[in-house]
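Colleague: The structure that follows is given in the form of structure tokens.
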Amino acid sequence: MILAAHAGVLLSLLTRCRMQRSFARELRSLAALFDFLDEAAVRYRLDEDSRFAARLAAEEIFTNMVKYGGGEDRVSISVDVRDQRLLMAFIHAGAVPFDVTEANEVDVSRPIAERTPGGIGLFLVRRMMDDIAYEYADGVARVTLSKQLGGS
């Protein structure tokens with residue numbers, strides 16, 4: 001009886017706990033990454049649009065770390081929801097510095113044949129997420145993405 005009375009409080013405390021996992025820095029880790037994001041989506045009760053945005057953004061950031069990051073063989077990823085904002089952080093020790101916030105914007109108005117290859121993934125991340133932050137300190141790269149939840 002007491003447990004039933006406090007179920008809402010317990011659920012609230014559970015969903016406030018940040019989820020974090022470490023993944024091998026290789027493309028075949030994407031399946032495990034997507035499973036992790038699905039678990040987070042259930043825990044935080046994300047709607048379909050937010051789930052899609054999280055998966056697309058995570059795939060792009062993680063894939064870039066795999067292909068271009070160098071450094072250690074693992075990438076740590078955390079997911080949290082605070083103040084109706086989805087927060088995802090990607091931490092890669094020993095990575096080659098690359099500030100995703102400074103990457104050139106792709107001009108999607110130009111015909112494909114006239115564009116330089118690359119950049120579409122970050123273009124989509126910028127459109128799907130509300131904020132992208134980059135930090136590099138002591139050989140550790142951190143990319144943090146956030147998205148407002150609740151229908152926006």
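The values are calculated or read from the model by the stated rules, or taken from the named source; none is laboratory data. Everything quoted here is computed from the prediction, not taken from an experiment. Note that each Cβ is placed from the backbone with ideal geometry, even for glycine, and that neighbours are counted across all protein chains shown.
Colleague: I'd like the residue in segment 41-84 that is hydroxyl-bearing (S, T, Y) and assigned to a strand (DSSP E or B) and, out of all such residues, is nearest to the chain's Cα centre (by Cα).
Modeller: So the residue we want is S78.
Colleague: So, of the residues in segment 106-130 that are in contact with a strand residue (DSSP E or B) (Cβ under 7 Å, 6 or more places away or on another chain) and farther than 20 Å from Q20 by Cβ, which turns out to be modelled with the highest pLDDT?
Modeller: The selected residue is D130.
Colleague: Contact list please: Cβ distance under 9 Å, first residue in segment 121-150 and outside any strand (DSSP E or B), second residue of a type in the set (D, E, K, R) and buried (at least 16 other Cβ atoms within 10 Å of the Cβ), pairs at least six apart or on different chains.
Modeller: G121/E59; G121/E60; L122/E60; L124/E60; V125/E60; M128/K147; M129/K147; D130/K147
Colleague: Only residues in segment 61-79 that are touching a residue at least 24 places away in the same chain (Cβ under 8 Å) and on the phi > 0 side of the Ramachandran plot count as the first member; pair them with residues that are surrounded by fewer than 16 Cβ atoms within 10 Å (Cβ to Cβ) and assigned to a loop (DSSP other than H, G, I, E, B), Cβ under 8 angstrom, at least 6 apart or cross-chain, and list the lot.
Modeller: G70/G94; G70/V96; G71/G94; G71/V96; G71/G139
Colleague: Scan segment 53-70 and give yes if some residue there is modelled with pLDDT under 95, of a type in the set (G, A, S) and either more than 25 Å from Q148 (Cα to Cα) or surrounded by fewer than 16 Cβ atoms within 10 Å (Cβ to Cβ) (or both), otherwise no.
Modeller: Checking segment 53-70: at least one residue is modelled with pLDDT under 95, of a type in the set (G, A, S) and either more than 25 Å from Q148 (Cα to Cα) or surrounded by fewer than 16 Cβ atoms within 10 Å (Cβ to Cβ) (or both).
Colleague: Something else about it: Give the residue that is surrounded by the most Cβ atoms within 10 Å (Cβ to Cβ), with candidates limited to residues of segment 19-40 that are of a type in the set (K, R) and not in a helix (DSSP H, G or I).
Modeller: Filtering first and then ranking leaves R25.
Colleague: Can you tell me which of (1) farther than 14 Å from T144 by Cα; (2) modelled with pLDDT of 95 or more is the one D80 doesn't meet?
Modeller: Only one criterion in (1) farther than 14 Å from T144 by Cα; (2) modelled with pLDDT of 95 or more is unmet by D80, namely (1).
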